[in-house]
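**Student:** One structure, pasted below without further comment.
Computed from the coordinates by the stated procedures, all read-outs in this text should not be read as laboratory data. What you are looking at is a predicted structure, and each value in this text was computed from that prediction instead of being measured. Cβ: placed from backbone, ideal geometry, glycine included. Neighbour counts: every protein chain shown.
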Amino acid sequence: MSRCFEEVRTRLRLTAQRTYETAHRLETLAARLIQSARRRADDVILRLSPERLGNRVAEARAQFGLLCAERNAAMDLRIQEARRRLAVSAASLDALSPLAVLQRGFALAQDESGRLITDAAAVSVGDRVRLRLAHGQLQCRVEETEAT
């Protein structure tokens, strides 16, 4: 055999070997890509499984229930505090009201025109005075005045 044939045979062997190696690398790469794609698909399937979604919904419902309970407790606390402050304010206003003052034994003195009398010098002996009490009124006549 001639040397040319031997050279062609050698080249064919090298080319076949390279082709085999390239095919092997392609098969390995394709296998890796397929395995990676399967893993990603499995992850998606797992995340979207009805059982897992049901668990996530149940967890979200439980969390929502807790948040609603906390909100309701906070609102109840604020309402109770507002009611307490309102009761204190109402008691303060009630203690200062003219009717409450009359209930403690005081009276409002008015002249015949209805103006409040705050000074004994504002009336004279013989003037008519009306005293408003907690329960009812008195019609009085001034008999004597004392200025202080």
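**Student:** Please list the non-local residues whose amide H lies under 5 Å from the amide H of THR145, H modeled 1.01 Å from N, same-chain partners needing a gap of 5 or more.
**Tutor:** none
**Student:** Report the full-extension gain for the segment ALA69 to GLU21: residue separation times 0.36 nm, less the Cα-Cα distance, to one decimal in nm. Show your work: numbers first, answer last.
**Tutor:** Values: separation 48, 0.36 × 48 = 17.28 nm, distance 6.72 nm.
Extending this stretch completely gives an extra 10.6 nm.
**Student:** With θ taken as phi - 60° and the coefficients 6.51, -1.76 and 1.60, list the Karplus ³J(HN,Hα) couplings across the stretch 100-106 in order, rounded to whole Hz; mark glycine and proline as x.
**Tutor:** Those phi angles translate into 5, 5, 5, 5, 8, x, 8 Hz.
**Student:** Can you bin the chain into rounded, prolate or oblate? Criterion: square roots of the alpha carbon gyration tensor eigenvalues sorted a ≥ b ≥ c, rounded for a/c under 1.5, prolate for a/b above b/c, oblate for the rest. Let's see the in-between values first.
**Tutor:** Details: a/c = 13.27, a/b = 6.18, b/c = 2.15.
Prolate.
**Student:** Placing +1 on the Cβ of each Lys and Arg and -1 on the Cβ of each Asp and Glu in the stretch 22-140, which of VAL123, ALA100, ILE79 has its Cα farthest towards the positive end of the resulting dipole?
**Tutor:** Comparing the listed Cα positions along the dipole, ILE79 ranks first.
**Student:** Right, next: Enumerate the amide H contacts of VAL129 below 5 Å, restricted to partners 5 or more residues apart or on another chain; note that Pro and chain-start residues carry no placed amide H.
**Tutor:** For VAL129, the qualifying residues are CYS140, ARG141, VAL142.
**Student:** Once you charge only the Cβ atoms, +1 for Lys and Arg and -1 for Asp and Glu, what is the size of the charge dipole of the stretch 98-141 about its Cα centre, to the nearest 20 debye? Can you show the working numbers first?
**Tutor:** Values: 6 positive and 4 negative charges, 33 e Å.
For this selection, approximately 160 debye.
**Student:** Also, I was wondering about something else. Using the Cα gyration tensor of the stretch 98-141, with a ≥ b ≥ c the square roots of its eigenvalues, what is the shape: rounded (a/c below 1.5), prolate (a/b larger than b/c) or oblate (neither)? Write down the numbers at each step before the final one.
**Tutor:** Working: a/c = 2.41, a/b = 1.82, b/c = 1.33.
Cα axes put the stretch 98-141 in the prolate bin.
**Student:** Short version: ³J(HN,Hα) in whole Hz for each residue of the stretch 21-34, in order, from phi by Karplus 6.51 cos²θ - 1.76 cosθ + 1.60 (θ = phi - 60°), x for Gly and Pro, what are they?
**Tutor:** So the J values, rounded to whole Hz, are 5, 5, 4, 4, 4, 4, 5, 5, 4, 4, 5, 5, 4, 5.
**Student:** So what's the angle, to the nearest 10 degrees on a 0 to 90 scale, between helix 50-96 and the longest Cα principal axis of the chain?
**Tutor:** That works out to roughly 20 degrees.
**Student:** Continuing with the same structure: Filter the GluC sites (Glu not before Pro) in the stretch 39-146 down to the DSSP loop ones having no more than 14 other Cβ atoms within 10 Å, then list what survives.
**Tutor:** Working: sites: GLU51, GLU59, GLU70, GLU81, GLU112, GLU143, GLU144, GLU146; in loops: GLU112, GLU143, GLU144, GLU146.
Passing sites in the stretch 39-146 are GLU112, GLU143, GLU144, GLU146.
**Student:** Right, next: With θ taken as phi - 60° and the coefficients 6.51, -1.76 and 1.60, list the Karplus ³J(HN,Hα) couplings across the stretch 10-17 in order, rounded to whole Hz; mark glycine and proline as x.
**Tutor:** Per-residue couplings from phi come out as 5, 5, 4, 4, 5, 5, 5, 5 Hz.
**Student:** Follow-up question, since we're still on this one. Using helices alone, I'd like the mean residue ellipticity at 222 nm for the chain: each DSSP H run of four-plus residues gives -39500 (n - 2.57), total over residue count, nearest 500. Spell out each step's value before the answer.
**Tutor:** On the way: 3 runs with 98 residues, N = 148.
My calculation for the chain gives -24000 deg cm²/dmol from helical runs alone.
**Student:** Separate question: Based on the Cα atoms of the stretch 1-48, what semi-axes does the equivalent ellipsoid have, where each is the square root of 5 times one gyration tensor eigenvalue, given in whole Å with the largest first? Write down the numbers at each step before the final one.
**Tutor:** On the way: eigenvalues 416, 3, 3 Å².
Equivalent-ellipsoid dimensions as semi-axes: 46, 4, 4 Å.
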